[in-house]
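The values are calculated or read from the model by the stated rules, or taken from the named source; none is laboratory data. Owing to the predicted nature of the structure, the values given are computational and were not obtained by experimental measurement. Don't worry about glycine lacking a Cβ; one is built from the backbone with ideal geometry, like all the others, and counts go over all protein chains shown.
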Amino acid sequence: MIVATTQRPAHLHTALASVLDQAKESTWGEKIIEYAGRVCYASEPMMGRAPGFIGDRVREGHYDIVEHAWATYSFPMLLSAEFQLEILNASRHAEIATKDGYTYVSGNLRVWRDLIRANVFSRLAKVLPFIAGVAPVVFADLVNETDDRNYTAPVNYTKPEGIRSTIDLLGYSIVEGLILNGFGEDRHNHATFCINGISRVASHQLVRHRMASFSQSSMRYIDLQKGKWEAVIPPAIQADPQAMRTIERLWEEAEIAYASLRGHGIRKEDARFLLPNAASTKIVVSMNFFYWKHFLWLRALDKAAQWEIRAMGQDILKLLYALQPDSFMKEMDYYTANEEALTKR
């Protein structure tokens with residue numbers, strides 16, 4: 001049975017919630033998946049208007065978007081070491097834990113597609129009908145017509161606080177009561193964020209965290225005409241009028257040059273080569289709690305980290321702590337004790 005899957009936060013930014021809710025017939029997992037895909041093409045206003053959007057992306061092999069939904073399945077038995085190895089051979093990104101006679105298997109929906117396609121669970125009760133209930137469209141090509149696809153995942157609303165307009169918790173999955181050696185549950189709990197308005201400088205650092213899943217707005221497909229892109233300005237430059245004049249002149253030239261290239265028929269994927277790293281971007285990011293903690297210690301809680309990603313990481317920490325205080329108490333205690341040094345730019 002499914003014991004945890006991606007949930008809708010009770011406190012979601014109103015404008016963002018209205019966009020996601022345009023996909024009226026979708027599960028919350030499907031809403032996040034479609035939204036992640038829309039972010040890539042800057043087509044968020046089209047949410048819910050193309051029922052085949054997710055299925056088309058899956059058929060195209062655009063699997064990164066399905067990595068933003070998560071599910072944990074509990075087997076009422078202890079799976080053998082050989083069977084657990086078979087699961088990991090089918091997908092090395094699956095997470096496995098055993099407790100009180102149960103085996104818990106967690107992963108994003110791309111992991112579950114790999115496991116089901118490998119027919120790993122053929123000797124056990126059908127897993128597919130339950131997993132498919134998280135996001136039926138994602139598994140439509142794998143579901144048998146005779147399978148029961150009416151399973152409804154449990155809902156457990158949690159209210160994160162301190163949300164700001166540029167960073168939103170899109171969804172989360174928490175397995176209640178699964179505590180293994182004080183940290184093992186972190187690998188089975190999961191959170192997805194939408195981060196809007198960071199620079200390409202910061203996003204390049206973010207995507208170096210390889211165990212995360214990312215869907216980012218594409219400069220290849222989105223036409224950034226003159227005046228249509230926003231710049232992230234470092235505080236040190238903002239505080240220096242002469243430095244501001246220097247960078248504004250350069251950016252103005254870049255805008256004009258970009259528009260000129262497009263006017264001459266140069267494709268967006270080539271014209272983007274002259275755009276600066278200051279260009280803002282929008283990205284959907286998913287990780288389990290174990291890897292979020294790794295990210296936080298490197299990017300939010302190390303004063304040597306670059307100021308922009310450090311500030312972004314600290315906002316993410318506050319949301320994760322509000323979501324699950326016990327899991328992130330160590331990180332929050334460290335941040336609170338060192339806030340002055342960590343927020344210095």
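Do we have A305 as surrounded by 15 or more Cβ atoms within 10 Å (Cβ to Cβ), of a type in the set (A, V, I, L, M, F, W, C), without any contact (Cβ under 8 Å) to a residue 24 or more places away in the chain and at negative phi here? Here the answer is yes, as A305 does meet what is asked. Beta carbons closer than 7 Å, at least 6 apart along the sequence or on distinct chains, pair a first residue in the stretch 101-112 that is in contact (Cβ under 8 Å) with a residue 40 or more places away in the chain and assigned by TED's automatic domain parsing to the domain that holds I87 with a second that is of a type in the set (F, W, Y) and part of a helix (DSSP H, G or I) for R110/Y63. Those helices (runs of 4 or more DSSP H) of the stretch 231-345 in which 3 or more residues are outside the structural domain of L178 (by TED's automatic domain parsing) and of a type in the set (S, T, N, Q) occupy 241-263. Do the conditions hold for V207, that is, is it closer than 25 Å to R187 by Cα, surrounded by fewer than 19 Cβ atoms within 10 Å (Cβ to Cβ) and under 22 Å from the mean Cα position of the chain (by Cα)? It is true that V207 is closer than 25 Å to R187 by Cα, surrounded by fewer than 19 Cβ atoms within 10 Å (Cβ to Cβ) and under 22 Å from the mean Cα position of the chain (by Cα). Restricting attention to the stretch 31-44 and to residues that are in contact (Cβ under 8 Å) with a residue 60 or more places away in the chain and within 13 Å of the chain's Cα centre (by Cα), the residue that is nearest to G61 (Cα to Cα) turns out to be G37.
Scanning the stretch 314-323 for any residue that is touching a Phe, Trp or Tyr at 6+ places or on another chain (Cβ under 7 Å), crowded, with 17+ Cβ neighbours inside 10 Å and within 16 Å of N196 (Cα to Cα) turns up at least one such residue. The residue that is surrounded by the fewest Cβ atoms within 10 Å (Cβ to Cβ), among those in the stretch 59-79 that are at pLDDT 90 or above and over 30 Å from G101 (Cβ atoms), is D64. Check whether at least one residue in the stretch 263-278 is closer than 27 Å to S43 by Cβ, among the charged types (D, E, K, R) and without any contact (Cβ under 8 Å) to a residue 40 or more places away in the chain, and report yes or no. Yes.
Within the stretch 5-21, residues that are assigned to a helix (DSSP H, G or I) have Cβ atoms under 8 Å from residues that are of a type in the set (S, T, Y) and modelled with pLDDT of 85 or more in these pairs: V19/Y35; L20/Y35, counting only partners at least 6 apart in sequence or on another chain. The listed residues are A10, A42, and the only one of them that is at pLDDT below 90, in contact with a Ser or Thr (Cβ under 6 Å, 6 or more places away or on another chain) and surrounded by fewer than 22 Cβ atoms within 10 Å (Cβ to Cβ) turns out to be A42.
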